[in-house]
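The values are calculated or read from the model by the stated rules, or taken from the named source; none is laboratory data. Here the structure is a predicted model, which is why all the values come from computation and not from measurement. In this analysis, Cβ positions are derived from the backbone assuming ideal geometry, glycine residues included, and neighbour counts consider all displayed protein chains. Quick note on the areas: whole protein, heavy atoms, side chains included, nothing else; ligands and nucleic acids left out. Shrake-Rupley method; radii C 1.70, N 1.55, O 1.52, S 1.80 Å.
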Amino acid sequence: MKQWIHRRGALQLGLSWGISMALPAARACEFRTDNLTVVHPWVRPTLVATDLAMVSMGFKDVVERDRLLDARTPLARRVVMAGKGDDGSIDFPIPAGEESALTEQGIHLQLQGVTIPLGLGSTFALRLLFEKAGPVEALLTVDYARFR
């Protein structure tokens, strides 16, 4: 009887290992610097090519007050700040010791001149420039909102 239990456990272990190997690996969604962590930069999927898209992301573990000064991606001709003022310049303060975020409902980055459809699960290079943390090479994921 004990031998049957061991075989059953080995079978369960083998099946769970096989299933885990068949699933896609989880994507890293945090990009760390000495001063802060960028959390899950994402944009919604589109069915057809659109020339505008909103980028959301969070900031946490902020050691010293910082500012997001610029963002670039090969996905769009231009990246601007939206949701505040009309000038579009990127200048987002990030307070020390607090979590903050760029959200669709508030201040966010807007991709202008997007030339390809944004397929769910796709990733694109995203270069963020911070006043103190400097440049951060991140991945912009095409995803649905998961964090509220």
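Rg and Dmax over the alpha-carbon atoms of the range 60-109 stand at 11.8, 34 Å. Ligands, DNA and RNA are left out, and with a 1.4 angstrom probe the accessible area of the range 84-133 is 50 Å² per residue. Computed over neighbours whose Cβ is under 9 Å from that of Leu111, the net charge equals +1, Lys and Arg +1, Asp and Glu -1. When only Cα pairs below 8 angstrom with a gap of at least 6 residues are kept, the range 59-148 shows a relative contact order of 34 percent.
Electrostatic tally near Pro93: other residues with Cβ closer than 10 Å to its Cβ, Lys and Arg +1, Asp and Glu -1, net -1.
Measuring nothing but protein heavy atoms, the accessible surface of the range 79-148 at 1.4 Å probe radius is 52 percent carbon and sulfur.
Full extension of the chain between Thr123 and Lys60 yields a length gain of 20.5 nm, computed as 0.36 nm times the residue separation minus the alpha carbon distance.
Once the convex hull of all Cα atoms in the range 93-148 is built, its volume per residue stands at 124 Å³. For the range 22-115, the extents of the C-alpha atoms along the principal axes are 47, 40, 23 Å, listed from largest to smallest. Taking the Cβ of Leu128 as the center, what net charge do the other residues with Cβ under 12 Å away carry, scoring Lys and Arg +1 and Asp and Glu -1? That works out to -1.
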